[in-house]
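Visitor: Submitted below is the structure of interest, expressed as structure tokens.
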Amino acid sequence: MTPAKFNHLLQDLDHLTEEQVQRLILHFQTTDPEQKMIAALEQRIIDKPECPHCHSGVIKRNGKKDNIQRYLCKNCLKTFSATTGTPLARLRHKAKWLDYMEGMLGSKVLRQAATDYNISLGTSFRWRHRFLQLPAEMKAKWLEGIVEADETFFAYSEKGSKKLNRKPHKRGKHMGKQGRSKEDWIPVLTVRDRGKHTFDSILDSTSIKGINEQIAGKIEEDSVLCSDGYKSYIQIAKKNGLIHKRLNLSAGIRVIDKVFHIQNVNAYHSRLKNWMNNFHGVATKYLDHYLGWFRLMDTTENFNENKLLLIQQHLRAT
Ligand SMILES: [Zn+2]
């Protein structure tokens, strides 16, 4: 805009009504990325008023702090804002969250994301793990029909931790059943039905008890459990009232009656491993976060950063 035109604009502004002034202020506020994010977060409270402390819906506005609306709960008398009790609580630089989440969907490593979004490595780390808290817990609670189960293994890692208590894993060692007794491989069980409902869990052990603890009560009775030849699954199927189709992969029996196989879960594992390679080994401490991250991307249709942001607006389980 030329300086002359701008001066005209300023003069015109003098003729605005009070309501138009307010609208103009709002317009500028919401084009600012930080304000835009705040407005998006606060919309949740407007749509569904709820106190994060006692879940009462009887709340009132209680002043602003740092441009963020505070609320007072009339039931428990505690105050809160739109992010209280969510993974977003007390995180700064709101204007960059959505870009950061987009970067996560592009599987950016921590350091790359820090550089690209001009944040510190510490912030990059904090954000990533905050944004993964809820995804880590979002797994199928109920599976039915033809249900495939198998385990996969991840090298134990204390990456990022200063002290090393355990020996680092040997390179080139084959993953698989041989690894079951080794303490430097972490077993992960994945269970997936043909409706793509997916459940996975880090196992304390691959014993009958270890596996059963994770799947008990999660699979509809009389469903068909497909597993490899691992003996523990015989008992597990029995305990859960499931029909068992046991494949014998080493004998070349990969499919029974054309439909019973574990190829979906194995394909899932191979996608997971491929994706995990981006990160050159993840700390075992955060393995559940990475499992959740991948599970969410793999099982959500048209997943994008807005959906990831929406997840963050849920209250954390306490
Ligand atoms: Zn309350």
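The values are calculated or read from the model by the stated rules, or taken from the named source; none is laboratory data. What you see is a predicted model; the values in this text were computed from it and never measured. Every residue, glycine as well, gets a Cβ built from its backbone with ideal geometry; the counts of neighbours run over all protein chains shown. Note: accessible area is taken over every heavy atom of the protein model, side chains too, but ligands, DNA and RNA are not part of it. Shrake-Rupley method; radii C 1.70, N 1.55, O 1.52, S 1.80 Å.
Visitor: Of the conditions (1) in a helix (DSSP H, G or I); (2) polar (S, T, N, Q); (3) open to solvent by less than 50 Å² (accessible area, probe 1.4 Å), GLN112 clears all except one; give me its number.
Guide: It is condition (3) that GLN112 fails.
Visitor: Where residues in the range 185-209 are farther than 19 Å from PRO135 by Cβ and charged (D, E, K, R), which of them is surrounded by the most Cβ atoms within 10 Å (Cβ to Cβ)?
Guide: Filtering the range 185-209 for residues that are farther than 19 Å from PRO135 by Cβ and charged (D, E, K, R), the one surrounded by the most Cβ atoms within 10 Å (Cβ to Cβ) comes out as ASP193.
Visitor: Say we look at the range 283-309 and pick out the residues that are out of contact with any strand residue (DSSP E or B) (no Cβ under 8 Å at 6 or more places or on another chain) and of a type in the set (A, V, I, L, M); which of these is most open to solvent (accessible area, probe 1.4 Å)? Working first, answer last.
Guide: Applying the first criterion (out of contact with any strand residue (DSSP E or B) (no Cβ under 8 Å at 6 or more places or on another chain)) to the range 283-309 yields 283, 285-286, 289-290, 292-294, 296-297, 300-309.
Now restrict to residues that are of a type in the set (A, V, I, L, M): 283, 296-297, 308-309.
Values: ALA283: 14, LEU296: 17, MET297: 46, LEU308: 6, LEU309: 13 Å².
Across the range 283-309, the extreme among qualifying residues is MET297.
Visitor: I've got another one for you. Select from the range 62-92 the residues that are within 16 Å of the ligand (Cβ to nearest atom) and at positive phi and write down the one among them that is farthest from the chain's Cα centre (by Cα).
Guide: So, considering only residues that are within 16 Å of the ligand (Cβ to nearest atom) and at positive phi, the one farthest from the chain's Cα centre (by Cα) is LEU77.
Visitor: Right, something else. Kindly indicate the residue of the range 264-318 that is without any contact (Cβ under 8 Å) to a residue 60 or more places away in the chain and either assigned to a helix (DSSP H, G or I) or hydrophobic (A, V, I, L, M, F, W, C) (or both) and also farthest from TYR230 (Cα to Cα) among those meeting that condition.
Guide: Out of the qualifying residues, it is LEU310.
Visitor: Further question on the same structure: I need a count of the residues in the range 243-260 that are out of contact with any strand residue (DSSP E or B) (no Cβ under 6 Å at 6 or more places or on another chain) and either in a helix (DSSP H, G or I) or touching a residue at least 40 places away in the same chain (Cβ under 8 Å) (or both).
Guide: Total satisfying the criteria: 4.
Visitor: Pick from the range 44-61 the residues that are open to solvent by 70 Å² or more (accessible area, probe 1.4 Å) and within 13 Å of the ligand (Cβ to nearest atom): which of them is nearest to GLU34 (Cα to Cα)? Working first, answer last.
Guide: Going residue by residue through the range 44-61, those that are open to solvent by 70 Å² or more (accessible area, probe 1.4 Å) are 46-48, 53, 55, 58, 60-61.
From what is left, the residues that are within 13 Å of the ligand (Cβ to nearest atom) are 53, 55, 58, 60.
Numbers: HIS53: 26, HIS55: 27, VAL58: 28, LYS60: 23 Å.
Among residues in the range 44-61 that are open to solvent by 70 Å² or more (accessible area, probe 1.4 Å) and within 13 Å of the ligand (Cβ to nearest atom), the one nearest to GLU34 (Cα to Cα) is LYS60.
Visitor: Just one of (1) under 30 Å from ASN118 (Cα atoms); (2) within 16 Å of the ligand (Cβ to nearest atom); (3) of a type in the set (Val, Ile, Thr); (4) open to solvent by 40 Å² or more (accessible area, probe 1.4 Å) trips up ILE25, so point out which.
Guide: (2)
Visitor: GLU221 - would you say it is in a loop (DSSP other than H, G, I, E, B), of a type outside the set (A, V, I, L, M), open to solvent by 80 Å² or more (accessible area, probe 1.4 Å) and under 29 Å from ALA40 (Cβ atoms)?
Guide: Details: in a loop (DSSP other than H, G, I, E, B): yes; of a type outside the set (A, V, I, L, M): yes; open to solvent by 80 Å² or more (accessible area, probe 1.4 Å): yes; under 29 Å from ALA40 (Cβ atoms): no.
Criteria not met by GLU221.
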